[in-house]
Amino acid sequence: MSARQSPDAWQDAGACRGPHATLFFPPPHFERKVERLARERQAKRICGECLVKDECLEYALAVGEPHGVWGGMNENERRDLTEFLLPAS
Ligand code: SF4
């Protein structure tokens with residue numbers, strides 16, 4: 001990254017940009033568990049091929065993203081990881 005690039009410039013290289021973007025967040029209507037799991041599985045497959053996966057997950061953990069798949073993890077998985085890395089004292 002050059003000195004002129006924004007710290008969030010990695011987002012421009014995300015594999016989720018474009019028509020796949022809706023897979024990464026819950027729809028505005030009720031979503032059954034089986035539908036959520038299928039949607040997230042598709043999103044995570046895209047994350048698995050993404051060149052900025054590490055930056056994305058690092059960002060989501062740093063800002064505490066409350067929703068969606070970021071860096072190949074949904075919000076529950078990120079919360080579990082955060083609790084594992086930073087156990088309550
Ligand atoms: S890791 Fe996933 S959510 Fe993050 S930028 Fe890449 S494709 Fe998008």
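Bear in mind that the values in this text are calculations on the coordinates, not laboratory data. Nothing here was measured: the structure is a model prediction, and the numbers come from that model. Heads up, the Cβs are rebuilt from the backbone with ideal geometry, glycines too, and the neighbour counts pull from every protein chain shown.
Long-range amide H contacts for residue 52: which residues qualify at under 5 Å (H placed 1.01 Å from N, peptide plane, sequence gap of 5 or more or a different chain)?
HN-HN under 5 Å from residue 52: 15.
For the chain, which GluC sites (Glu not before Pro) pass both filters: DSSP loop (anything but H, G, I, E, B) and at most 14 other C-beta atoms within 10 Å?
Sparse-neighbourhood loop GluC sites (Glu not before Pro): 31, 49.
Counting other beta carbons within 10 Å of each Cβ, put 69, 34 in order, fewest first. Could you put the intermediate results ahead of the total?
On the way: 69 25, 34 8.
Listed from fewest to most nearby Cβ atoms, that is 34, 69.
Quick one: among 14, 48, 71, which has the greatest mean-square fluctuation in a GNM of the chain with alpha-carbon springs under 10 angstrom?
Top of the fluctuation ranking is 48.
What are the semi-axes of the equivalent ellipsoid for the chain, taken as the square roots of 5 times the Cα gyration tensor eigenvalues, largest first, in whole Å? Could you put the intermediate results ahead of the total?
Values: eigenvalues 99, 75, 22 Å².
Computed over the chain, the values are 22, 19, 10 Å.
What distance in nm lies between label points placed 7 Å from Cα along the C-beta direction at residue 32 and residue 79?
In this crude spin-label approximation the distance works out to 2.4 nm.
Quick one: 67, 29, 20, fewest Cβ neighbours within 10 Å first, how do they rank?
Numbers: 67 11, 29 5, 20 14.
The fewest-first ordering by Cβ neighbours comes to 29, 67, 20.
As a check on your grasp of the helix formula, calculate [θ] at 222 nm for the chain: sum -39500 (n - 2.57) over DSSP H runs of n ≥ 4, divide by the residue count, round to the nearest 500.
The per-residue figure over the chain is -13500 deg cm²/dmol.
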